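Right, one structure below, let's go through it.
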Amino acid sequence: MKKTTALVGILALAVLLIANNSEAVQAHVVLTQSGTNYAYTLFNDEATGSQSCLNTLYLSVNAPISVVSSPPGWSFTTDNSTYVSWFSTDGAMPYPNDIVPGASASGFVIQTSILGSESFDCVMGCWDHSLTNSGPANINSVSAPSVFGDSLGVAPTITNVNYSTVNSFYFTLIGIPSFDYTIQSSTNLTDWTSQITNSAPFDFADTNAINSSERFYRSMLFPDDLSFAFLGD
């Protein structure tokens, strides 16, 4: 038995390293970002002859994400919103997919629809090949997707506004993907009626628009369990 047990304790171990980072494995992460595609490369900076080989990478995020790829011989766990934890799948010596001193591995790639990012802690764990046991981890920081870094914030945007030939007024609501937004309408800017609540982005059509000489629309975030997980109370 190997790597999976190391995942359980990696965060607790990383917390201990804050007090004494001199014990940390020497490693760092480099991000190559292309739009909303985040590709990370993990480097083992240990000296030649060290038996500390990297076998885990834990990355915090704060946005809906999907894992696009992992390096060969690695797998991952994620909740698709707050973290990704990659780990080498080697179960026995010689652990060929661990990252040895002086080497690196790319292919840690995630994707999101969020435009913004923040700097988050990432935890790099290692496996001591001489002791066949987990070794010290390292805490570093790297940019990752975040709704709080999104230049649009959580406020919705209405676009593609049009009036069809069948007397239907329609538009597209853009917001934080998968967050729920409510569209309301009014004829006097005082009394508002909710028309629809849906997950962004979505199209809206009002077939009753022809019945009013004037009709106004507004939209707002409709908090649910998903949005509270990001935004808090």
Of residues in the range 175-206 being at pLDDT below 80 and of a type in the set (Val, Ile, Thr), the one farthest from the chain's Cα centre (by Cα): 190
Across (1) part of a strand (DSSP E or B); (2) at pLDDT below 80, residue 153 clears everything bar (1)
Being in a strand (DSSP E or B) and touching a residue at least 60 places away in the same chain (Cβ under 8 Å) is the filter here, so list the residues in the range 56-67 that pass it. 56, 57, 58, 59, 60, 62, 65
Every residue from the range 163-210 that is under 30 Å from residue 66 (Cα atoms) and either assigned by TED's automatic domain parsing to the domain that holds residue 114 or among the hydroxyl-bearing types (Ser, Thr, Tyr) (or both): 172, 178, 181, 182, 197, 199
Which residues, taken from the range 101-115, are surrounded by fewer than 18 Cβ atoms within 10 Å (Cβ to Cβ) and part of a loop (DSSP other than H, G, I, E, B)? 102, 103, 113, 115
So which of 84, 123 is under 15 Å from residue 62 (Cβ atoms), touching a Leu at 6+ places or on another chain (Cβ under 9 Å), in contact (Cβ under 8 Å) with a residue 12 or more places away in the chain and part of a strand (DSSP E or B)? 84
Residue 70 vs. criteria in contact (Cβ under 8 Å) with a residue 24 or more places away in the chain and touching an Asp or Glu at 6+ places or on another chain (Cβ under 7 Å): no
Go through the range 31-49 and count every residue that is touching a residue at least 40 places away in the same chain (Cβ under 8 Å) and more than 19 Å from residue 136 (Cβ to Cβ). 8
When you look at residue 132, is it of a type in the set (Ser, Thr, Tyr), on the phi > 0 side of the Ramachandran plot, at pLDDT below 80 and surrounded by fewer than 13 Cβ atoms within 10 Å (Cβ to Cβ), yes or no? yes
Do the conditions hold for residue 110, that is, is it closer than 30 Å to residue 53 by Cα and β-branched (Val, Ile, Thr)? yes
Across the range 207-226, what is the number of residues that are closer than 21 Å to residue 159 by Cβ, small (Gly, Ala, Ser) and either modelled with pLDDT under 70 or not in a strand (DSSP E or B) (or both)? 1
Would you please name the residue that is surrounded by the fewest Cβ atoms within 10 Å (Cβ to Cβ), looking only at residues in the range 21-45 that are in contact with a Pro (Cβ under 7 Å, 6 or more places away or on another chain) and modelled with pLDDT of 95 or more? 44
Which of the residues belonging to the range 50-67 are modelled with pLDDT under 95, over 16 Å from residue 138 (Cα atoms) and surrounded by 15 or more Cβ atoms within 10 Å (Cβ to Cβ)? 61, 62, 63, 64, 65
State yes or no: is residue 70 under 26 Å from residue 35 (Cα atoms), in the same structural domain as residue 31 (by TED's automatic domain parsing), among the polar types (S, T, N, Q) and at pLDDT 95 or above? yes
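The values are calculated or read from the model by the stated rules, or taken from the named source; none is laboratory data. Predicted model only: the values in this text are computed from it and were never measured. Cβ: placed from backbone, ideal geometry, glycine included. Neighbour counts: every protein chain shown.
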